[in-house]
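Peer 1: Please see the structure below; I have some questions.
Throughout, read-outs are computed from the coordinates displayed, never taken from laboratory work. Fair warning: this is a prediction, and the values are worked out from it, not measured in the lab. Methodologically, a virtual Cβ is constructed for each residue, glycine included, from the backbone with ideal geometry; neighbour enumeration extends over all protein chains shown.
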Amino acid sequence: MSPIQDIVAFAVQTYLKHSSTPEQLTLLTTDTSLATESAKDSMVEVLTNLQSLVSEEITSQLTHLKRRRNQEHAQIYQLPQEVFVEIVLAATSFSSGSTDPFTPMKVSKYWFDTVARCPNI
């Protein structure tokens with residue numbers, strides 16, 4: 001197992017061990033594995049890391065799902081890339097108030113990738 005998997009496995013096993021009994025509130029005062037302050041600090045650190053890892057994975061999966069939804073259902077993603085680039089070029093040339101030619105790159109990852117590959121923008 002990788003170090004991250006070891007941390008997650010330890011954190012999950014310890015969390016389930018302590019949270020799955022009705023005496024959850026008294027476990028921390030009677031459990032010898034969490035008797036010292038440093039042991040409790042270590043557990044807090046492990047659980048904080050686990051929370052961070054889970055949060056990052058959820059964010060990653062959510063972002064991926066939103067991008068997939070947009071690419072499969074939004075009409076603009078159905079356009080051929082050449083047509084899309086022409087629309088972006090026309091929009092940036094007509095926009096006299098915008099001095100940043102890279103503004104379209106801020107819309108989405110697809111727009112960023114498309115504009116980055118286009119030398120005319």
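Peer 1: If you take every residue apart from residue 116 with its C-beta less than 13 Å away from the C-beta of residue 116, what net charge results, scoring Lys and Arg +1 and Asp and Glu -1?
Peer 2: +2
Peer 1: For region 43-48, what does the Karplus curve 6.51 cos²θ - 1.76 cosθ + 1.60, with θ = phi - 60°, yield as ³J(HN,Hα) per residue in whole Hz, taken in order and with x for Gly and Pro?
Peer 2: 5, 4, 5, 5, 5, 5
Peer 1: If you take every residue apart from residue 64 with its C-beta less than 11 Å away from the C-beta of residue 64, what net charge results, scoring Lys and Arg +1 and Asp and Glu -1?
Peer 2: +4
Peer 1: With r as the distance between the Cβ atoms of residue 59 and residue 90 and R0 = 22 Å, compute the FRET efficiency 1/(1 + (r/R0)^6) and round to 0.05.
Peer 2: FRET efficiency, residue 90 to residue 59: 0.05.
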